[in-house]
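The values are calculated or read from the model by the stated rules, or taken from the named source; none is laboratory data. Given the structure is predicted, the values throughout are model-derived calculations rather than measurements. Positions of Cβ are backbone-derived with ideal geometry, glycine not excepted, and every protein chain shown enters the neighbour counts. Just so you know, the surface numbers come from the protein's heavy atoms only, side chains and all, with ligands and any DNA or RNA stripped out. Shrake-Rupley method; radii C 1.70, N 1.55, O 1.52, S 1.80 Å.
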Amino acid sequence: MTTTILEVRRISRRFGGLVALHDLSFNVSRGEIVGLIGPNGAGKTTAFNVITGTQPPTAGKVIFQGKDISGGPPSRVVVDGLARTFQSTSTYPDLTVAGNIYRGMLSHISGSLVGLLVGRCDRGISMERVSDEIDRILRMTGLQPWRDALAGNLPYGVQKILGIAVALAASPKMLLLDEPAAGLNHEECKGLTTLLRRLRDEHGLTLLLVEHHMALVMELCHRIVVLVQGEKIAEGTPEEIRQNEAVIEAYLGAPEYAHA
Ligand SMILES: Nc1ncnc2c1ncn2[C@@H]1O[C@H](COP(=O)(O)OP(=O)(O)OP(=O)(O)O)[C@@H](O)[C@H]1O
């Protein structure tokens, strides 16, 4: 039996006269890996921003685990179990990998976590727990060898994985990944695919990713939602999407995306 974890219900988002998203609806089931694809400017990042509460929808609702989370704020959405990564690496270059994960734990869960941690510290158990949690996330992401390296000295591909580790520091049920493969070479893409599959298979995470790297999307995703000019034009399995005439015309067949 599948259960819905995320419901995007008829969301729209305007910027002045520009309609970045129009009447977008789709569901994600628990344990699914869903891809959100489309040409540049299609509204994918706007959809992420609305889902994670960074931008309120002009219309529509976002329901996560049965709760209306429309309009955020992002800090509360994260506490509810929905975390995200960003297109560009958003880590602190002067902190170690472990330090970034620690900072991620603090900032993601802001007030409530700080209160919790301070409370635990007072009882003398917190730092050990924090250290265990950092180790758990390092193991999940394969970043143990980089534990004490400065983030700014990491190879680009490892920095992107650190972005995922920082998001995982919030112990989310669902992770939204904004172009996780951008800028990665072939080997790094293979490693990323393996990692994301493991996060789902071994740790029960649900994933929604925006990505232009079609080989990765087709290999990894159970289902794909296609946006063009702010509107959903198709939704289906990778095979259905690959053969969909409208998708081929608007996106997959276009010369600038054909290589992906
Ligand atoms: N803060 C903003 N103010 C005004 N217009 C915006 C804003 N954010 C996005 N837009 C516009 O909304 C539309 C959708 O942009 P969005 O970044 O969501 O597309 P995208 O599918 O993520 O594109 P890409 O693949 O290039 O990242 C674009 O026309 C963009 O210029």
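About the Cα centre, and with charges only on the beta carbon of Lys, Arg (+1) and Asp, Glu (-1), how big is the dipole of the chain? Nearest 20 debye, please.
720
If you build a Gaussian network model of the chain, linking Cα atoms that sit under 10 Å apart, which residue out of L177, L199, L162 swings the most?
Answer for the Gaussian network model of the chain: L199.
Could you point to the residue in H22, Y102, C189 farthest towards the positive end of the chain's charge dipole, with +1 and -1 charges on the Cβ of Lys/Arg and Asp/Glu respectively?
Final value for the positive-end residue is Y102.
Quick one: accessible area per residue over the chain, 1.4 Å probe, rounded to a whole number of Å²?
46
When the Cα centres of the range 161-203 and the range 15-56 are compared, how far apart do they sit, in Å?
Computed from Cα coordinates, the inter-centre distance equals 19 Å.
Can you give me the distance in nm between label points at Q229 and Y92, each placed 7 Å from the Cα along the Cα-to-Cβ direction?
Here the answer is 4.5 nm between the modelled labels.
Where the accessible area of the range 160-241 is counted over protein heavy atoms with a 1.4 Å probe, how much of it, in %, is carbon and sulfur?
49
Summing -39500 (n - 2.57) over the DSSP H runs of n ≥ 4 in the chain and dividing by its residue number, what mean residue ellipticity at 222 nm do you reach, to the nearest 500 deg cm²/dmol?
-11500 deg cm²/dmol
At a Förster radius of 22 Å, what calculated FRET efficiency corresponds to the Cβ-Cβ distance of E249 and N40, to the nearest 0.05?
It comes to 0.85.
Run the numbers on the chain and let me know its relative contact order in percent, using alpha-carbon pairs under 8 Å that are six or more apart.
The normalised contact order for the chain reaches 25 percent.
Sort Y92, Y102, Y251 by accessible area with a 1.4 Å probe, largest first.
Per-residue accessible area, sorted high to low, gives Y92, Y102, Y251.
Taking only pairs that are 8 or more places apart or on different chains, how many Lys pairs in the chain have Cα atoms under 28 angstrom apart?
Qualifying lysine pairs in the chain: 14.
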